[in-house]
């Protein structure tokens, strides 16, 4: 089982993309497959990561980095996307500093050891993921009750929507998670 | 029933975004609501439209503009996204020059008056939309048999995935289609 | 894509059926396909239209003609019946004098520009359409709260049930809506 | 748990309806509840039974009376309609002269002791019942292979569609089967 | 349609199993097929019936024998298991002394003539049967309100879970109910 | 989030159960929660583990220990059972000597790095898990083609059915996997 579409060699991707990939490699110690897999279409790559960064790296709002990865992990599990569950589950463990949380959220978030506000956040994310046409004002109320404001809610919905795109791209093209992700955040980190 | 989030005034959006919006307005005669609704977050707006353009305006591959709007209309109907069915149904009618095709594709694409290769294209798009985790090699074979190559298949999947994002954003935020869309392509165009 | 079963010529149908068909043709300017498609079996035709008329032409109760066509449009969309969505969507636009309402109701009635009592009416109709075995007393209470009495509720259920029959007949036999329906009620009517 | 709507007294129903009811009572030994329950609306009653008779009493085509009741029992079970499963299960046992067949068909028709052509017939009926929008030419082919012609297929679809209406009316209004039905056809009939 | 796996002859099963089977035969007048069908694997047989007895013959708690068979009948119907609906429906009729209740519970338990506490019991059993991952504290509250304590709730869940196992074994292996079950409890018992 | 029902102290469980628990503890280094959680009901405990052992420890047939744990992991993921996915995923990694395989099988077994015969095995297990009423002879043929005989197929079905029971018990009672399981088989084992 390997990626259905050949990934370009790093040497062959446009300069701006290569720069970002090298930066990631430098930080993570490896190149997550999504970076090369999508690079075969530079314009889509650029839009994908611009969207990703706008949602996942933004510094305003009340969603922590852990919250965001939790949304990605839960909704990607609902979409049965192997790449995203494994890769973002790793980030979730790291940001939340909880080695067990990603498996819990992926299998059944209702049983996960998370805060009540995170549970409410995931209930909403799952609704946007699975039946967005039924979202209504009472869903906003439920989140307001946990301290999320309308901008936070937009963040939850947009992260869910964006990774729904990512899930479909990864699944249709057989994108496989790098082996490194599976263990990340499960054991104490060594130097690096 | 109105958009859940206030749209910015055109005067308040960044210059690059305003330029594009004015260009669209000039061409269409009105500003489609998605352009202003998303403009409240400029970075997301830029990524969204960069992605949109990379998929919908690309000039290679065998998918016609009508094919692409047909994918959007069918999968947005499956996601029950009012904005996208109405707006892209309008474009579908125009590009295909078939005033009836959008309603057919939206209600039940199996009954639509479309070519067999378009039917195969929509079968695949619906699978990516609704159960992308089950896509497998035989799905590629079915499309190859109709003359689609692997790049075309990527296009079908990516368009489906991107508008799955768009559908969720529009539904959660109550984005309403402009009244102008409902009639476009149904009656012979007058000057404009 | 054409009707799976040949429709009889108007000249070959029984006198009473022909009279009604000519009357409809006179009023509408064309013969809706359902009238000829079902006429190949006169006894079923007579029962079908007797049932139709008992529900759709009755003059008692609080359901307006627009309400009734709205029920038909919403539930036919849930059943993905092309004929009924297009034909009754046309009537809905005309009776409600709202050119946009049929597309809204067909794609996602929760987003449609309709009255709260119509929303409650459609919630109930959809439950009868999709999971009638779960209807219970609280569903009646919800409608009473909007001023519907038990006879109105019977009307909503019966219209939903009858068009569920109609949807299945149309879909299995590939009954196609007349082209005239697609545009009806979208543009100001000319004399006729 | 009783019928949600009061049934009229036999003395209060129109003459033509009463005559039919008395005829049924004379033959069956009791009045099946559907006859009185629907009689509160005479026009609907007349259309309902005219439709019923056109489909269930017709004397042409290859469907036996047992086949027809088998379709009703299987699809009514799919719709979880208590009245129709019990009442028509009774008729199925009687016409097929098989005391066990109705329970088998109602619980899981795939396990029922029925002929291969009946299995094919039920596969199609269930498709019309549950996802009529997906019916296509290959479904007709499968039935032709078992000797059903296009008129028989219309019969299967129409019976399924009509009892889908009946199921919804019975479930929403809490119509309860007469106690007599439960045992009919299970034990050898005595005089009567 | 016969059992997919040959059942051993009674003479060939281990002594302890034969003894139990003879005891059942003595009491019921026939050997229910499940006893011989599973006896081809003695260790599984012993575990199956030990589990069965621990749940169905236990003498503590507030669940009556009728309650337990009602849970089995309702959830086995949801799983479309012919063997268990027919066999345990028979026991349900006998224990509840209600000849009609099993068919009601099997077709649509919401319409059955049962006590409100039994309705609550079945609502919970169906949730454990169909979406156990969604069970939460409010489900326990609903049962407490009807007088069930936590041990009763364990019983309901365990009976549902055990017969979910039984349903899958019976369906996959085509286990057919003995003809005797179909009539049991429907007519007054004769001596025996 | 903790187990809904208090587990007994090891000192309080019957001797035979305690002996087995101590044996497991000795081998694994900890007591898996299921052993104590179920021990509050000794008869159910004994039946549960007798069944478990009959299926999981049997020494005949072509299913390897890895195959069996793979079935458990895949079907428990379909049932969203946190305890079983985590605990049996650990065993799967160990038996298959593949640190990545459990996460793959749990998220989307179609993408897992497993043998074609294992894929066929899981396709069947998932059908037994999710729609056992639809199993038919062609499902047996598909497994025969991969070298499974009828006894192997019984094993696959029985393991699926048994863990369906286990999944429901664990989910309804909030049984949480021991932290030790999450990491087992992911990193090279140290002495122990």
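The values are calculated or read from the model by the stated rules, or taken from the named source; none is laboratory data. These figures come from a predicted structure and were not determined experimentally. Backbone-built Cβ (ideal geometry, glycine too); neighbour counts: all protein chains shown.
The set of residues in segment D:50-70 that are within 19 Å of residue C:160 (Cα to Cα) and crowded, with 20+ Cβ neighbours inside 10 Å contains only D:51.
Residues of segment D:131-157 that are assigned to a loop (DSSP other than H, G, I, E, B) and farther than 16 Å from residue C:3 by Cα: D:145, D:146, D:147, D:148, D:149.
If I filter segment F:10-26 for residues that are touching a residue at least 60 places away in the same chain (Cβ under 8 Å) and closer than 21 Å to residue F:178 by Cβ, do I get at least one hit? Taking every residue of segment F:10-26 in turn, none turns out to be touching a residue at least 60 places away in the same chain (Cβ under 8 Å) and closer than 21 Å to residue F:178 by Cβ.
Looking at this structure, is residue E:43 more than 13 Å from the chain's Cα centre (by Cα) and under 28 Å from residue F:53 (Cα atoms)? In short, yes. Just one residue in the set D:44, D:96 is surrounded by 18 or more Cβ atoms within 10 Å (Cβ to Cβ) and farther than 30 Å from residue C:57 by Cβ; that residue is D:96. Would you mind stating whether residue E:167 is within 17 Å of the chain's Cα centre (by Cα) and more than 26 Å from residue C:134 (Cα to Cα)? Spelling it out, it is not the case that residue E:167 is within 17 Å of the chain's Cα centre (by Cα) and more than 26 Å from residue C:134 (Cα to Cα). Going through (1) closer than 30 Å to residue A:177 by Cα; (2) outside any helix (DSSP H, G or I); (3) more than 13 Å from chain E (Cβ to nearest Cβ) one by one, residue F:80 falls short only on (3).
So which of A:11, A:7, A:19 ends up being assigned to a loop (DSSP other than H, G, I, E, B), more than 8 Å from every other protein chain (Cβ to nearest Cβ), more than 13 Å from the chain's Cα centre (by Cα) and farther than 21 Å from residue A:161 by Cα?
A:7
Each row is one residue, and each column tells you yes or no for (1) part of a loop (DSSP other than H, G, I, E, B); (2) in contact (Cβ under 8 Å) with a residue 12 or more places away in the chain; (3) surrounded by fewer than 21 Cβ atoms within 10 Å (Cβ to Cβ).
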{"site": "F:103", "(1), (2), (3)": "no, yes, no"}
{"site": "F:106", "(1), (2), (3)": "no, yes, no"}
{"site": "F:114", "(1), (2), (3)": "yes, yes, no"}
{"site": "F:117", "(1), (2), (3)": "no, yes, yes"}
{"site": "F:122", "(1), (2), (3)": "no, yes, no"}
{"site": "F:125", "(1), (2), (3)": "no, yes, no"}
{"site": "F:129", "(1), (2), (3)": "no, yes, no"}
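Restrict the check to segment F:27-44 and report whether at least one residue is without any contact (Cβ under 8 Å) to a residue 12 or more places away in the chain, in a helix (DSSP H, G or I) and more than 14 Å from chain E (Cβ to nearest Cβ). The answer is yes, given that some residue of segment F:27-44 is without any contact (Cβ under 8 Å) to a residue 12 or more places away in the chain, in a helix (DSSP H, G or I) and more than 14 Å from chain E (Cβ to nearest Cβ). Can you name every residue in segment F:80-92 that is surrounded by 24 or more Cβ atoms within 10 Å (Cβ to Cβ) and over 9 Å from the mean Cα position of the chain (by Cα)? Residues satisfying the conditions are F:81, F:82, F:83, F:86, F:90. Which residues, counting only those in segment F:85-101, are part of a helix (DSSP H, G or I) and facing another protein chain (nearest Cβ under 9 Å)? Within segment F:85-101, F:85, F:86, F:89 meet the criteria.
Within segment C:137-177, if we keep just the residues that are touching a residue at least 40 places away in the same chain (Cβ under 8 Å) and more than 10 Å from every other protein chain (Cβ to nearest Cβ), the residue that is surrounded by the fewest Cβ atoms within 10 Å (Cβ to Cβ) turns out to be C:147.
Does residue C:123 qualify as being within 13 Å of chain D (Cβ to nearest Cβ) and under 30 Å from residue E:119 (Cβ atoms)? So that I can check it myself, show each step before the final result.
Values: within 13 Å of chain D (Cβ to nearest Cβ): no; under 30 Å from residue E:119 (Cβ atoms): yes.
Answer is no for this residue.
Would you check which residues across segment E:46-70 are in contact (Cβ under 8 Å) with a residue 24 or more places away in the chain and more than 9 Å from chain F (Cβ to nearest Cβ) and list them?
E:56, E:60, E:61, E:62, E:63, E:64, E:65, E:66, E:67, E:68, E:69, E:70
Mind listing just one residue for me: the one in segment F:178-192 that is touching a residue at least 24 places away in the same chain (Cβ under 8 Å) and part of a loop (DSSP other than H, G, I, E, B) and, of those, surrounded by the fewest Cβ atoms within 10 Å (Cβ to Cβ)? Across segment F:178-192, the extreme among qualifying residues is F:192. Does residue D:31 qualify as being more than 21 Å from residue C:43 (Cβ to Cβ) and at pLDDT 95 or above? Considered against the rule, which asks whether it is more than 21 Å from residue C:43 (Cβ to Cβ) and at pLDDT 95 or above, residue D:31 comes out as yes.
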